[in-house]
Amino acid sequence: MPWLARSRPLLVLGLLVVFASPAWAEVCKGSKVKKADLTVYDQAVILSQAENDQAIQTHLPYGTPQCPRLLPHREYIVCYDLDHRVPRWAAYTLTSADLGPAQRLDAFRTDPRLTTDESAHCDDYKGSGYDRGHNVPRCDMNRSPMVQANTTSSPT
């Protein structure tokens, strides 16, 4: 089995890439945002524990309702239904920095924090009569292109 000895470094490198990076997000057809930008935006939704705690304190100041899977973003929080693979609710504190004119970004994709079994996929909507939507109103998140694009990062 000399091929196994030669393949081992490649296998180890592949495993490191898979486990060291955030999960892969599926980008839906029609996205008008460059893949390189979406990769940066996806990395921004991976929050530290301190950032998670701050998001919860900011956007759920009166407590956290029951939720099967909380997906905090810096700008809002989504309660995600794992069985139906859609958000149950979203909460956010609207600030003046979030408002203002901005061109719409179509950046529908899956949330990199969800596994492929937990997430709705782009093709799930094909021919259903439904389409993907935003977790929170896009026009309430015009602070930056990244923030706006991340209103569509969780399946809806």
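A short reminder: the numbers here are calculations on the coordinates, not readings from a lab. Keep in mind it's a predicted model, so treat the numbers as computed, not measured. Every residue, glycine as well, gets a Cβ built from its backbone with ideal geometry; the counts of neighbours run over all protein chains shown.
Sequentially through region 44-49, phi angles give Karplus couplings (6.51, -1.76, 1.60; θ = phi - 60°) of 6, 7, 7, 9, 6, 4 Hz, Gly and Pro residues having no value and appearing as x.
Taking the beta-carbon count within 10 Å as an exposure proxy, list THR64, THR110, THR115 from fewest neighbours to most. Write down the numbers at each step before the final one.
Numbers: THR64 12, THR110 25, THR115 9.
If I rank by nearby Cβ atoms, fewest first, I get THR115, THR64, THR110.
Counting neighbouring beta carbons within 10 Å and listing from fewest to most, the residues ILE46, ILE77 come out as ILE46, ILE77.
Sparsely packed loop sites in region 30-76 (the chymotrypsin sites (Phe, Trp or Tyr not before Pro) outside DSSP H, G, I, E and B with at most 11 other Cβ atoms within 10 Å) comprise TYR62.
Equivalent-ellipsoid semi-axes for region 114-156 (Cα gyration tensor, √(5λ), whole Å, largest first): 22, 13, 7.
Can you give the Kirkwood hydrodynamic radius of region 23-152 from its Cα pairs, in Å with one decimal?
This gives a value of 15.2 Å.
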